[in-house]
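Working notes for the structure below.
Coordinate-derived values only; no laboratory data. Just so it is clear, the model here is predicted, and its values are computed rather than measured. Cβ placement follows ideal geometry from the backbone for every residue including glycine, while neighbour counts extend to all protein chains displayed.
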Amino acid sequence: MYLLIGCSLTLALGFLAAFIWSVKSGQMDDDYTPGVRILFEDNPTTDESKKDNQ
Amino acid sequence: MPNKKVIAGIKCYHCGDHAGNFPINFDNKHFCCTGCRGVYEILADNNLCDYYTLDSNPGLSLKNPVSRVKFNYLDDEQIQKQLIDYRDEKISKVTFHIPSMHCSSCIWLLESLYKLEKGILFNRVDFLKKQLSVSFDHHKLSLRKLVEMLSSLGYEPALNLSNLDEAKRKDNGRRLLYQIGVAGFCFGNIMLISFPEYFGLDRFSQQSFSRIFGFLNMALALPVFLYSARDYFIAAFKSLRKGVINIDFPLALGILVMFVRSSYEVISHTGIGFFDTLAGLVFFLLIGKWVQNRTFETLSFERDYKSYFPVAVSVLKDNLETTLPVTKLKIGDRIIIHNNEIIPADSILLGGEALIDFSFVTGESLPVSKVFGEIIYAGGRQVGGTLELEVSKSVSQSYLTQLWNSEHFAKENKSSIKTFQSVVSKYFTIVLLCIAFTAALYWFIKDPSLSSNAFTAVLIIACPCALALSSPFALGNSLRMLSRSKFYLKSPGYIEHMAKIDSVVFDKTGTITQAAGSTIYYEGAELSTQQKLEFYSLCSNSVHPLSKKIANFLGSDSLKKISVHDFKEITGRGIEGIVNGISLRAGSHVFIDGMYLKPEADLLLSYVYLSYNNKTIGNFCIKHAYRDGLKPVLHKMGINRKLSLLSGDRDAERSNLKQFFPETGEMLFNQSPADKMLFIDTQKLNGFKVAMIGDGLNDAGALKVADLGICVTENTAHFSPASDVIMDAAVFEKLPDFFNYAKDTVKVIRISFVISLLYNVIGLSFAVKGVLSPVMAAILMPLSSISVILFTTAATYLYAIKNKII
């Protein structure tokens with residue numbers, strides 16, 4: 001029983017740490033632009049794409 | 001012109017503006033001006049035409065190309081230091097504020113900048129803040145080049161002095177997120193651990209578990225109490241020191257009492273305490289705060305008056321044009337002012353044709369021409385060619401800064417209107433303390449053991465979290481609704497101000513009349529294409545507003561003008577000149593003296609007659625338009641408010657305006673900005689809650705002193721720093737609806753307050769009896785908070801539909 005409580009608390013603390021880390025790394029600073037950014041197709045410029053293909 | 005209609009419908013491929021009668025064709029696409037075509041060429045060369053597929057006509061019109069010299073000041077080391085966030089031997093990092101960013105195509109293009117310019121190493125857009133951060137190799141690309149490139153694409157960064165001393169608010173926002181995270185973590189775990197208690201399970205389990213759970217809860221509640229709720233204690237303490245009781249006081253008191261009593265219960269083994277309620281309360285409160293902050297951030301705009309001044313001016317030293325920050329300008333310096341630049345300090349005209357638009361300062365909408373040796377006051381904007389000036393007063397002493405720095409601007413809390421919440425929370429706290437002490441006293445006499453129990457229970461259950469949440473949610477939500485209809489408030493608090501307004505003052509120019517919307521039409525014998533071109537060439541020689549209007553009507557900048565000989569402009573009469581050997585004249589009927597004479601009865605109309613080869617062939621009729629729906633707007637606004645009109649112009653239009661304005665309203669003409677401020681002040685002294693509606697240029701002072709300053713703007717990028725509200729001119733007709741909606745929002749706040757009071761009464765009835773159980777508190781608190789949040793959100797939404805806001 002004590003072990004289980006300990007486990008659950010450690011797990012929860014882990015999530016809290018993950019949350020704090022994500023805030024610190026700036027994930028919460030801008031929550032609009034990345035959503036748009038993911039929709040852009042990646043069209044490399046012609047000469048670069050040629051190089052990539054060869 | 002048989003195909004005129006077809007062409008007239010053509011839109012510029014780049015910016016979506018009407019390309020006019022003579023679009024530029026390039027690559028099978030039509031462009032309205034060479035600027036737009038230039039951007040297209042750059043993008044096409046670099047394979048960036050995806051820009052046009054993401055959003056239709058996403059570009060920004062480049063009809064008014066920016067002068068290159070304008071950015072020379074960016075070569076100044078000192079200015080660079082202020083603008084650049086970080087610099088080492090290889091790279092520089094800089095963050096720009098780009099007001100013209102508006103769609104997903106913009107994000108795409110701005111994030112593809114590195115494809116255009118090899119010197120750019122990394123760039124990223126924050127759309128909501130309209131920020132672009134760029135890391136670049138400053139050996140390959142100078143800051144000036146970077147800014148020039150952005151401007152040439154139509155994304156001119158706003159480089160203002162106010163950007164330079166911008167405080168960093170980022171850490172503050174992150175701290176709130178940490179606080180929410182900690183509170184949420186503790187809340188969840190305390191709830192989990194408290195479950196056995198809720199179901200009364202611990203009676204069957206061992207006693208020791210309940211004790212360990214109690215201590216665990218206390219340990220979990222400690223960070224909530226010490227870290228997450230810290231701001232409430234600080235705020236309550238600060239307001240107490242000022243002698244004011246605000247909503248933070250009962251909140252902090254409730255949290256404190258809750259923690260102390262719960263700790264006592266756990267330590268003395270008498271109970272499990274209210275830690276779950278405590279953590280839940282703080283969690284919900286912080287969420288409310290976060291919602292509020294988010295709303296601010298999305299709608300934040302700069303109010304700093306510094307936004308108006310250009311950062312640097314061109315200075316003439318030893319016949320060389322160099323740039324200098326405005327603050328370094330000294331008396332006697334020779335400065336160069338380009339087209340559309342603002343004159344930063346009072347100065348004497350030395351050269352160039354000065355035509356100064358003082359609408360900013362005096363309210364006169366027509367540009368004033370100045371002659372050699374005359375003093376030009378700060379704040380005027382040059383329209384036309386380049387000027388050479390000698391500074392006669394240093395910047396800080398100038399008239400404009402005096403107006404801006406007047407004491408009204410410095411006042412933080414300028415309004416006499418108190419918010420509902422601040423009024424209520426004062427009484428709420430007093431009543432709450434009375435009940436708590438009465439209950440304590442009552443039980444002290446009857447059964448002393450229950451006394452402290454009842455006292456703390458009252459403070460815990462009545463902790464006004466629902467009250468604290470109702471205002472931010474209701475106001476924040478209606479703020480969002482209003483901004484969806486292009487009515488932007490500076491902060492949610494102004495919605496309550498709007499609801500209480502009983503006197504509305506209108507400015508005339510740009511507010512109830514449309515600056516750009518004046519209509520023009522031609523009457524008389526039809527003009528051939530050749531004639532049109534000839535008159536266009538004639539009129540584009542003059543900078544008179546009417547000539548400009550006609551020139552715009554007849555052709556566009558892309559047309560090749562025919563040279564005009566013997567051009568003469570007779571002030572107040574008209575212009576004449578010889579084009580292709582034919583004598584052309586355009587002007588008033590006195591000037592032309594033709595047969596198309598019309599009595600100039602309607603003061604809203606201006607007539608310009610055309611004479612071709614000494615024969616009058618027709619006339620242009622230019623109508624200064626009032627805004628659409630002016631009459632119903634004024635009628636609705638005037639139902640229970642006093643209306644007044646202030647104008648910087650002559651009172652020629654008084655009779656015209658009389659039909660719009662109700663009898664009771666005042667109409668004052670020839671008002672200087674200072675007069676306007678005085679008028680608002682007198683109104684306020686007479687006990688009115690005054691709203692000033694203006695265009696924010698010449699009435700900035702009045703907008704600031706008013707309880708609510710509304711700035712009507714045709715282009716949201718230009719606004720007054722003094723206003724509390726910025727309103728898109730297109731939604732002027734909805735003005736009464738906005739005011740009604742504000743009233744409804746206040747009604748919603750009151751109802752939600754009653755709801756939260758009901759919960760409190762139920763809780764209190766248990767609390768005063770001294771029988772409040774932790775379970776009850778744990779249920780009542782979130783229930784009241786959630787129902788208040790749901791109610792305010794739904795109600796503000798429904799009222800928005802009712803008032804046709806959305």
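Output the pairs from B:LYS242/B:LYS747; B:LYS747/B:LYS802; B:LYS11/B:LYS549 with a Cα-Cα distance over 18 Å in this structure; if there are none, say none.
Working: B:LYS242/B:LYS747 30 Å; B:LYS747/B:LYS802 14 Å; B:LYS11/B:LYS549 21 Å.
Checking Cα-Cα distances, B:LYS242/B:LYS747; B:LYS11/B:LYS549 exceed 18 Å.
What list of ³J(HN,Hα) couplings, whole Hz, do you get for the stretch B:115-126 from phi and the Karplus terms 6.51, -1.76, 1.60, once you set θ to phi - 60° and write x for glycine and proline?
3J(HN,Hα) across the stretch B:115-126, in whole Hz: 6, 7, 10, 5, x, 7, 8, 7, 8, 9, 10, 10.
Report the calculated FRET efficiency for B:ASP75 and B:ASN614 (r = Cβ-Cβ distance, R0 = 56 Å), to the nearest 0.05. Write down the numbers at each step before the final one.
Details: r = 55 Å, r/R0 = 0.99.
E between B:ASP75 and B:ASN614, to the nearest 0.05, is 0.50.
Please list, ordered by chain and number, the residues whose modelled amide H lies under 5 Å from the amide H of B:PHE122; skip anything fewer than 5 residues away on the same chain.
Residues meeting the criterion, in which the H sits 1.01 Å from N, are B:SER135.
Based on alpha-carbon positions alone, could you give the equivalent ellipsoid semi-axes of the stretch B:170-298 from the gyration tensor, as √(5λ), descending, whole Å? Don't skip to the end; give the middle numbers.
On the way: eigenvalues 183, 60, 22 Å².
Working through the eigenvalues yields semi-axes of 30, 17, 10 Å.
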